Amino acid sequence: MAEIVVVDRDGAEHRVEAKEGVSLMETLRELDYGTSAICGGMCSCATCHVYIDAASVGQLPAMQGDEKELLVELSGYRPTSRLSCQVPFEASLAGLRVTIAPDE
Ligand code: FES
């Protein structure tokens with residue numbers, strides 16, 4: 001476990017212990033204010049959309065084609081957007097700040 005900061009859709013910040021060795025989505029889907037992750041991590045629903053703090057986005061593995069294709073279709077897309085099911089979470093990402101994107 002490593003602590004991250006999750007900003008919910010109302011702008012409130014929460015300190016959360018994130019699971020390591022699984023996707024970031026696996027932590028966020030368990031929060032009342034987190035993501036819904038309807039497809040279960042198959043990179044097909046985009047309901048796990050989050051914004052990564054601009055200072056940290058470069059620490060993450062590069063996006064694959066499917067993820068980018070889904071994201072750019074969203075009205076809430078930003079340069080710091082990621083699908084949290086496609087972001088492996090490791091202890092080196094402790095302190096990551098993640099904002100839950102609006103529902104589409
Ligand atoms: S959980 Fe469906 S795209 Fe991430």
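The values are calculated or read from the model by the stated rules, or taken from the named source; none is laboratory data. Just so you know, these numbers come straight off a predicted model, no measurement behind them. Don't worry about glycine lacking a Cβ; one is built from the backbone with ideal geometry, like all the others, and counts go over all protein chains shown.
Looking for something of a type in the set (Gly, Ala, Ser) and at pLDDT 95 or above - is there at least one such residue anywhere in the stretch 20-30?
Among the residues of the stretch 20-30, at least one is of a type in the set (Gly, Ala, Ser) and at pLDDT 95 or above, which makes the answer yes.
Which ones in the stretch 68-90 are among the acidic types (Asp, Glu), closer than 16 Å to Glu17 by Cα and either within 13 Å of the ligand (Cβ to nearest atom) or assigned to a strand (DSSP E or B) (or both)?
none
Taking the stated definitions as given, is Leu93 modelled with pLDDT of 95 or more and either of a type in the set (Gly, Ala, Ser) or within 15 Å of the ligand (Cβ to nearest atom) (or both)?
Against the criterion (modelled with pLDDT of 95 or more and either of a type in the set (Gly, Ala, Ser) or within 15 Å of the ligand (Cβ to nearest atom) (or both)), Leu93 does not qualify.
For the stretch 1-50, which positions are in contact with a helix residue (DSSP H, G or I) (Cβ under 9 Å, 6 or more places away or on another chain), in contact (Cβ under 8 Å) with a residue 24 or more places away in the chain and in a strand (DSSP E or B)?
Ala2, Ile4, Val6, Ala18, Ser23, His49, Val50, listed by residue number.
Let's see how each residue does on (1) away from the ligand (no atom under 14 Å from the Cβ); (2) of a type in the set (A, V, I, L, M); (3) at pLDDT below 95:
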site	(1), (2), (3)
Gly11	yes, no, no
His14	yes, no, no
Glu17	yes, no, no
Ser36	no, no, yes
Ser44	no, no, no
Cys48	no, no, no
Ala54	yes, yes, yes
Pro61	yes, no, yes
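Say we look at the stretch 6-30 and pick out the residues that are under 14 Å from the mean Cα position of the chain (by Cα) and within 11 Å of Ile100 (Cα to Cα); which of these is surrounded by the fewest Cβ atoms within 10 Å (Cβ to Cβ)?
Arg9
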